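Reviewing the structure listed below.
The values are calculated or read from the model by the stated rules, or taken from the named source; none is laboratory data. Computed from a predicted model, the values in this text were never measured in an experiment. Note that we place each Cβ from the backbone using ideal geometry, even for glycine, and neighbour counts take in every protein chain shown.
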Amino acid sequence: DAKTTQPPSMDCAEGRAANLPCNHSTISGNEYVYWYRQIHSQGPQYIIHGLKNNETNEMASLIITEDRKSSTLILPHATLRDTAVYYCIVRVAGGSARQLTFGSGTQLTVLP
Amino acid sequence: GAVVSQHPSWVICKSGTSVKIECRSLDFQATTMFWYRQFPKQSLMLMATSNEGSKATYEQGVEKDKFLINHASLTLSTLTVTSAHPEDSSFYICSARVGGSLSLNEQFFGPGTRLTVL
């Protein structure tokens, strides 16, 4: 699975959009970008995933650059409950996929 | 999404005792379950992968005789920490994968178990 690079920490004002970057310059053509988050003392929670097109769901939007070497997770209106560690993971999906491997992630702190 | 539960959510035990942690997939069958460990301020580290009805595969550096994994059914996996010591104190998280799924979001996580060994 491709390696990812994320900033260790970010702050965001409550109600503002939180933009979390991730670099994955060695991503392969069949690898997807996944985002998970982990609120303190809880298990990881799936947020969103994508291959090359931008994706949006009720939680967030995922913007993937055209060369697929980086992506940005956008939380459009951050709340205090969005404070968590956000993990960007790149891997092959489907039946042959291996387990999710977590890097160090980005600690997002939403400030009141 | 699919729900994975863990029991207990936290446990405190004396050094030298054994502790069993259960992981259940509540509304789906999981042919593969994963056990992760997370120390304070660190990321999740995979300990082992277990497939229903077969022996678990342990990651390098994880003692298979100390961390016993049983995956006896498609909805239950257990992790037993034998002869626990204070250095085994950690947050243990299980994850379950839907068998044969074409879903791209196919790995679901439990809420974790906080183990404290005195």
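Here is how the numbers come out for the structure above:
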item: Some residue of the stretch B:36-45 being within 13 Å of chain A (Cβ to nearest Cβ), among the hydrophobic types (A, V, I, L, M, F, W, C) and under 13 Å from residue B:110 (Cβ atoms); result: yes
item: Qualifying residue in the stretch B:6-20 (condition: surrounded by fewer than 16 Cβ atoms within 10 Å (Cβ to Cβ) and at the interface with another protein chain (Cβ under 10 Å from one of its Cβ atoms)); result: yes
item: Looking only at the stretch B:70-93, and only at residues there that are aliphatic (A, V, I, L, M) and buried (at least 19 other Cβ atoms within 10 Å of the Cβ), the one that is nearest to the other protein chains (Cβ to nearest Cβ); result: B:93
item: Number of positions in the stretch A:61-101 that are of a type outside the set (A, V, I, L, M, F, W, C) and either within 14 Å of another protein chain (Cβ to nearest Cβ) or touching a residue at least 60 places away in the same chain (Cβ under 8 Å) (or both); result: 12
item: Count of the stretch B:1-38 residues which are at pLDDT below 95 and among the aromatic types (Phe, Trp, Tyr); result: 2
item: For residue B:67: the one exception among (1) in contact with a Ser or Thr (Cβ under 7 Å, 6 or more places away or on another chain); (2) among the aromatic types (Phe, Trp, Tyr); (3) more than 11 Å from chain A (Cβ to nearest Cβ); result: (1)
item: Pair list, Cβ under 6 Å, 6 or more apart: the stretch A:2-14 residue under 17 Å from residue A:37 (Cβ atoms), other residue of a type in the set (Ser, Thr, Tyr); result: A:6/A:106; A:7/A:106; A:10/A:106; A:11/A:109
item: Only one of B:117, B:62 that is touching a helix residue (DSSP H, G or I) at 6+ places or on another chain (Cβ under 9 Å) and surrounded by 15 or more Cβ atoms within 10 Å (Cβ to Cβ); result: B:117
item: Residue check for residue A:30: modelled with pLDDT of 95 or more, out of contact with any His (no Cβ under 7 Å at 6 or more places or on another chain) and closer than 23 Å to residue A:99 by Cβ; result: no
item: Residues of the stretch B:46-56 that turn out to be at the interface with chain A (Cβ under 10 Å from one of its Cβ atoms) and either of a type in the set (Val, Ile, Thr) or over 22 Å from residue B:89 (Cβ atoms) (or both), as a count; result: 1
item: Within the stretch A:25-60, considering residues that are in a loop (DSSP other than H, G, I, E, B) and at the interface with chain B (Cβ under 9 Å from one of its Cβ atoms), the one surrounded by the fewest Cβ atoms within 10 Å (Cβ to Cβ); result: A:41
item: Selected residue (only one of B:63, B:52, B:87, B:59 is among the acidic types (Asp, Glu) and modelled with pLDDT of 95 or more); result: B:87
item: Meets criteria (modelled with pLDDT under 95 and out of contact with any helix residue (DSSP H, G or I) (no Cβ under 8 Å at 6 or more places or on another chain)) for residue A:2; result: yes
